[in-house]
Amino acid sequence: MPQCILVVDDDRQITRLVSAYLEHAGFRTLTAHDGATALRLARSERPDLMVLDLMLPDVDGVDLTRTIRADPHLASMPVIMLTARVEDADRIVGLELGADDYITKPFNPREVVARVRAVLRRTGGGTLQPAPILEAGRVRLDPDRHEAWAADQPLNLTPTEFHLLRIFLSLPGHAFTRRELIEEGPGYEYEGMERTIDSHIKNLRRKLESVDAGVKIETVYGVGYRLKVIV
């Protein structure tokens with residue numbers, strides 16, 4: 001069954017354009033032109049990913065993203081923000097809320113398709129052969145079930161945070177460069193991508209520090225990041 005993408009924008013021409021390109025690429029699409037409809041469709045249809053405009057008539061896309069990440073049934077749904085806001089501050093706020101990517105208008109619809117594919121690729125389900133459980137400190141991660149725990153407590157991670165934690169757990173103590181994290185994660189690079197990775201690392205670090213995880217993410221100055229076991 002084709003993966004389902006929910007496209008949310010108050011500009012109907014944009015939703016038609018993006019939906020047409022996504023459908024041509026083999027996806028099934030749903031559309032919404034306000035936050036209330038988007039949230040209702042997200043809860044009833046459980047799309048595989050949401051492309052979300054930040055400037056909606058009834059609710060700010062940032063607030064909608066905050067609601068999605070607070071809902072245990074929707075928290076793991078990838079979100080790509082689509083917006084005319086180009087300031088770095090807006091981009092950082094969106095990423096810190098847990099957005100998985102950020103595309104500014106005007107845009108090439110082919111780029112939207114490429115970004116959707118990349119996010120779904122790194123947040124997809126298991127393979128034919130079961131992936132091994134990854135562990136370090138008091139953290140456990142099941143790639144196939146897309147679940148992670150710290151000190152036997154479930155970690156509520158965004159898809160990108162989950163993928164980054166999987167990379168760190170695959171080689172504890174190894175200092176990954178930002179470029180390595182980009183290549184292992186999104187698989188493509190654009191201006192500001194390294195800052196995007198920094199925002200996701202900041203969120204993941206905060207979540208690990210909020211529990212007795214037995215690990216911490218260290219900044220390796222001039223290199224990148226590594227996962228250190230502290231128990």
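Readers should treat all values here as calculations from the given coordinates under stated rules, not as data from a laboratory. All values derive from a computational prediction rather than experimental measurement. Reconstructed Cβ throughout: ideal geometry from the backbone, glycine too, with neighbour counts over all protein chains shown.
In whole Å, what is the distance between the alpha-carbon centres of segment 130-173 and segment 26-67? Here the answer is 27 Å between Cα centres.
Here the extension length gained between M55 and E147 equals 29.9 nm, from 0.36 nm per residue of separation less the Cα-Cα distance. So how tilted is helix 35-45 from the main axis of the chain? Cα-based, degrees 0 to 90, rounded to 10. Once rounded, one gets 70 degrees. For the chain, a crude dipole built from +1 on the beta carbon of Lys and Arg and -1 on the beta carbon of Asp and Glu, taken about the Cα centre, is about 440 debye to the nearest 20. Angle of helix 159-170 to the longest C-alpha principal axis of the chain, folded into 0 to 90 degrees and rounded to 10: 20°.
Each DSSP beta bridge with both residues in the chain is either parallel or antiparallel, and the antiparallel ones are about 50%. Take the Cβ-Cβ distance between H73 and T177 as r, set R0 to 41 Å, and report the resulting FRET efficiency rounded to the nearest 0.05. Efficiency computed from Cβ-Cβ geometry: 0.70. Of I167, M1, I133, which is farthest towards the positive pole of the chain's charge dipole, taken about the Cα centre with +1 and -1 on the beta-carbons of Lys, Arg and Asp, Glu respectively? Highest projection toward the positive end goes to I133.
With R₀ set to 25 Å, the beta-carbon distance separating K202 from E45 gives a calculated FRET efficiency near 0.20.
The angle separating the long axis of helix 109-123 from the principal Cα axis of greatest extent in the chain is about 30 degrees. Diagonalising the gyration tensor over the Cα atoms of the chain and scaling each eigenvalue by 5 before taking the square root yields semi-axes of 30, 18, 17 Å, largest first. Listed by chain and number, the lysines placed with their C-alpha closer than 28 angstrom to that of K216 are K202, K207, K228; residues fewer than eight positions away on the same chain are left out.
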